[in-house]
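The values are calculated or read from the model by the stated rules, or taken from the named source; none is laboratory data. Only a predicted model underlies this, so the values are computations on that prediction, with no experimental measurement involved. Counting neighbours? That spans all protein chains shown, and the Cβs are built from the backbone with ideal geometry, glycine included.
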């Protein structure tokens with residue numbers, strides 16, 4: 001059935017129908033599957049490389065090895081998502097307000113869709129591991145963070161809306177490599193090393209920039225573009241944009257800093 005028929009009185013369904021073309025749906029599925037494969041490859045590669053770098057790896061407990069490799073693919077995704085987000089936000093004219101007449105909240109591209117799809121693949125993979133090994137890799141806060149992230153990214157992907165803001169939130173993943181390195185050094189018995197100290201300083205600066213200053217800009221931008229934000233296709237999408245980013249940031253703070 002045509003999505004437009006279902007959209008009588010529900011404009012959001014019409015927007016989804018317009019964006020979710022058969023070719024787009026195929027590309028999304030490939031991107032999500034690619035994200036899963038990316039995670040699997042990074043997980044296995046971490047297990048191969050780690051004993052060569054850290055001789056004590058093979059002596060770790062099984063649950064430590066599991067988390068070590070899990071953090072390997074979370075680091076890879078964080079770098080991939082942060083670099084991809086910066087490229088789309090800064091080095092392309094996709095979100096240049098003066099380059100197009102289309103509203104900022106309605107802009108998307110094959111590249112941005114692919115990045116979101118691969119991130120969905122990552123969050124699905126990590127969430128599956130968390131549930132399967134619960135509570136070894138994390139508790140309720142991890143389930144909350146990943147569940148909300150999936151909810152927001154999937155909405156943005158299938159509608160083609162608010163990708164500008166979703167990419168800003170994905171950029172905050174840039175702090176993850178520092179958090180993971182802190183954990184690696186702790187497990188390796190390097191808490192008193194200079195590298196641990198320098199990483200701590202870098203983590204603080206990164207957190208301040210990416211998860212404090214950036215979020216201030218995030219909400220400032222939303223406030224100054226409230227006329228566009230109100231055009232988000234349906235109430236759930238609008239309120240998701242207002243609530244999910246700070247909630248996921250709070251969940252991240254709980255399990256990464258405490």
Residues in the range 82-112 that are closer than 21 Å to residue 172 by Cα and not in a loop (DSSP other than H, G, I, E, B) total 13
Does the range 187-205 hold any residues that are within 16 Å of residue 71 (Cβ to Cβ) and over 27 Å from the mean Cα position of the chain (by Cα), and which are they? 188, 190
So for the range 134-148 (the condition being out of contact with any strand residue (DSSP E or B) (no Cβ under 9 Å at 6 or more places or on another chain), at pLDDT 95 or above and closer than 24 Å to residue 33 by Cβ), does at least one residue qualify? no
Could you please give the count of residues in the range 95-112 that are without any contact (Cβ under 8 Å) to a residue 60 or more places away in the chain and touching a helix residue (DSSP H, G or I) at 6+ places or on another chain (Cβ under 8 Å)? 5
Please verify whether residue 115 is in contact (Cβ under 8 Å) with a residue 40 or more places away in the chain and assigned to a helix (DSSP H, G or I), treating the condition exactly as stated. yes
Within the range 182-198, tally of residues that are without any contact (Cβ under 8 Å) to a residue 60 or more places away in the chain and either under 30 Å from residue 230 (Cα atoms) or in contact with a helix residue (DSSP H, G or I) (Cβ under 9 Å, 6 or more places away or on another chain) (or both): 8
Only one of 174, 131, 201 is at pLDDT 95 or above and touching a helix residue (DSSP H, G or I) at 6+ places or on another chain (Cβ under 6 Å). Can you tell me which? 174
